[in-house]
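Values quoted throughout were computed directly from the atomic coordinates according to the rules given, and no laboratory measurement underlies them. Predicted model, so just to flag it, every value in this text is computed and none were measured. Positions of Cβ are backbone-derived with ideal geometry, glycine not excepted, and every protein chain shown enters the neighbour counts.
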Amino acid sequence: MTSFTPQTDALGGSVALTALVAFIPLVTFFILLAVVKLKAWAAGLASLAAALIVAVAVMKMPALLALLSATQGAVFGAFPVFWIVVMAVWLYQVTVLSGRFEDLRRIFDSIGGGDIRIQAVLIAFCFGGLLEALAGFGAPVAITATMLMALGLKPLKAATAVLLANTAPVAFGAIAIPITTAGNLTGLSSDHIGAIVGRQAPLLAVVVPVILLFIIDGRKGVKDAWAPALATGVSFGIAQFLCANFFSYELTDIVAALAGLGGAVLFLRFWRTPARAAQAEAARERLGIAAPAAGSEAERLTGSRTFMALLPYLLVIVLFGAAKLWTLGVNMPKTLASTDVKIPWPGLDGHLLTAAGTASKSTVYTFQWLSSPGTLLLITGLIVAVIYSVKDDGGRFRLSVGNSVAEIGRTVWRMRMAGVTIMSVLALAYVMNFSGQTISIGMWLAGAGGFFAFLSPILGWIGTAVTGSDTSANALFAKLQQTAASHAGIDPNLLVAANTTGGVVGKLISPQNLAIAATSVDMEGKESEILKTVIGWSVGMLLFLCCLVYLQSTPILGWMLP
């Protein structure tokens, strides 16, 4: 079979012309999704077809190699990416089926001390962060929006609050699959990328709870409750930084969400002001929320039930921590890694060459059947299911192991089209990467020199805004960021991380997320109203990130990087 070496100037010897044509698959995807409003899976498949045509007709890649590139990308999209997402959603579903989810909700109700604004922040920000850590892909918005509506918030406020709250944890969502995807596509260390993101995203996390207060109750809300909100944000941000840099980037959102909740609990325990009760009641009146009727207080939770409600998330931390860090007696990271199966992709491996004429290492697929975060989530879920089936409090929380296992199949079926979307987008990314389309775009953009560092987060913002997924944005642009950085003399890890962090604030205006929020709060067809309330926050935070990344690429803030 003929070998292939990607050329950045395949069209007329011009990098600029080649790059412009290479944009066609991306432009196709964005237009079909955002303008034509095709389903994401259909837009992904159509754009994949466009990428294959450009690869063969313009980049001169042999058709068979182009098709094989797509199959490797699709398989990677199925496992580990889709596998992780399915297992994360399934673990959440186990808590719902068992009835423990309602106890988790009561935990947040009790912490707020009767202040609806603080309760809303904890649900949207902390619990939403937990859901983003395990599920992502719109689940946190849908679930927390419903919970805020149940508290009594008006639909527009609830939708706006949950969309904004969903920004801070997105980069580490679904067990940090955006960062893992970026590492796999670029060959850079996912741990290193995660560490840099852990020095960018926390700066947003610190202020988001205070912004939520403003959205919920205006300046009065900020004046009354800025202190506990800031304590929550600072706790969350510090935990994000520490976990991403010194523990496990995959667990960052879980640890940060629990730390944010813990910080709020501790602060509220000692935060006493004479006017607190009056302020909370006044806030209810301003928001048009009736006070709870006498005798309707939430059932008191026992310590045992509180622990059982938090058990899945605590167990995830223990198992993932052991898998990443345990070295006493048995080196767990090495032991798990030794089970990985390396598969040179048939027909592709050895035929895709680098510019130096050596065989590309990207054509080797790693099957992480045991070390994958998805498999660890499966093990966690099975343990939780067994414990929930035994500890059912006299049948009140009855859940059989068989029903828990059957839910895996139901989850896969419900998410089947999301799986097609993920596989098509990653197939698209692999074709663009292996054919040289992404490299051509990166070479062209690198002409901006050091200023490209300022523009870098915008690519992640656009990618996530259109696809609704930071993972998809990294699949599309991570290799491009790496290429542009290398040619502009900037640390590639910084710009790949910037793509991820830029995507964090792009999620806020994603049409898919807007639709999910609108549906959850009974505002179908009024997505434009929600967009008007969030677009300013999204653009403002994006500009902040652009400045931050640019300064981190210079000696001014270069000291922030690991």
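Using only Cα atoms and rounding to the nearest 10 degrees, what angle (0 to 90) does helix 63-76 make with the longest principal axis of the chain? Here the helix axis deviates by roughly 20 degrees.
Highest-first packing order for the peptide set 160-172, 185-197 is 160-172, 185-197, based on the mean count of other beta carbon atoms within 10 Å.
A simple count of charges around D224, restricted to other residues whose Cβ falls under 10 Å of its Cβ and scoring Lys, Arg +1 and Asp, Glu -1, yields +3. Basic side chains Lys and Arg get +1 at the Cβ, acidic Asp and Glu get -1 at the Cβ, and with that the dipole of the range 125-220 about its Cα centre reaches some 380 debye. Given R0 = 22 Å, the distance between the Cβ atoms of R300 and T146 translates into a calculated FRET efficiency of 0.40. For the residue pairs K39/K361; K39/K479; K154/K220, the alpha carbons lie more than 22 Å apart in K39/K361; K39/K479. Subtracting the Cα-Cα distance of V401 and A282 from 0.36 nm times their residue separation leaves 38.1 nm of extension gain. Over the range 112-215, Cα pairs under 8 Å with separation of 6+ residues give a relative contact order of 30 percent.
Taking Cα pairs under 8 Å and at least six residues apart, what relative contact order does the chain come out at, in percent?
Result for the chain is 24 percent.
When the trypsin sites (Lys or Arg not before Pro) in the range 354-415 are filtered for DSSP coil states and for at most 13 other beta-carbon atoms within 10 Å of their beta-carbon, the remaining sites are R396. Does anyone have the angle between helix 83-98 and the longest principal axis of the chain? Alpha-carbon axes, 0 to 90°, nearest 10? So the helix axis and the longest Cα principal axis differ by about 20 degrees. To the nearest ten degrees, helix 303-325 and the longest principal axis of the Cα atoms of the chain are 20 degrees apart. Placing a label point 7 Å from the Cα of L551 along the Cα-to-Cβ direction, none of the residues of the range 463-500 has a backbone N under 12 Å of that point.
Charge tally for W461 (other residues, Cβ to Cβ under 14 Å; Lys, Arg +1; Asp, Glu -1): 0.
Straight-line reach from K507: which lysines have a Cα under 16 Å away, not including same-chain ones fewer than 8 places off? In chain and number order, the partners are K532. When only alpha carbons are used to place a centre, the range 232-283 and the range 505-556 end up 23 Å from one another.
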